[in-house]
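Before any comments, here is the structure.
Any read-out appearing in this document is the output of simple, stated calculations on the displayed coordinates, not a laboratory observation. Nothing here was measured: the structure is a model prediction, and the numbers come from that model. FYI the Cβ positions are ideal-geometry reconstructions off the backbone, even for glycines, and counts take in every protein chain you see.
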């Protein structure tokens with residue numbers, strides 16, 4: 001999860017990612033940030049985030065993203 005936090009801190013360093021649970025719904029991250037985030041996650045974790053994963057609830061918190069990453073890795 002540390003790698004994920006590093007990615008997020010590079011995008012927006014002033015957010016408390018460990019406690020924030022509305023990154024998307026609360027508009028903490030904008031569409032450009034989300035695209036950057038998805039690209040970085042795919043590269044760092046060597047996964048593909050397909051359309052079925054493109055839901056707000058998968059990106060609203062670090063824990064949700066981490067769960068998504070682990071599930072994708074298990075499926076691949």
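Data for the structure
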read-out: Filtered residues of the stretch 7-43 (kept if farther than 17 Å from residue 57 by Cα and surrounded by 12 or more Cβ atoms within 10 Å (Cβ to Cβ)); value: 7, 9, 11, 12, 15, 36, 39, 40, 42
read-out: Hits in the stretch 19-43 - residues which are over 19 Å from residue 2 (Cβ atoms), assigned to a helix (DSSP H, G or I) and touching a helix residue (DSSP H, G or I) at 6+ places or on another chain (Cβ under 7 Å); value: 33
read-out: Whichever residue in the stretch 44-76 is buried (at least 18 other Cβ atoms within 10 Å of the Cβ) and outside any helix (DSSP H, G or I) and, among such residues, is farthest from the chain's Cα centre (by Cα); value: 47
read-out: Of the criteria (1) farther than 19 Å from residue 74 by Cβ; (2) without any contact (Cβ under 8 Å) to a residue 24 or more places away in the chain; (3) in a helix (DSSP H, G or I), which one residue 16 fails; value: (3)
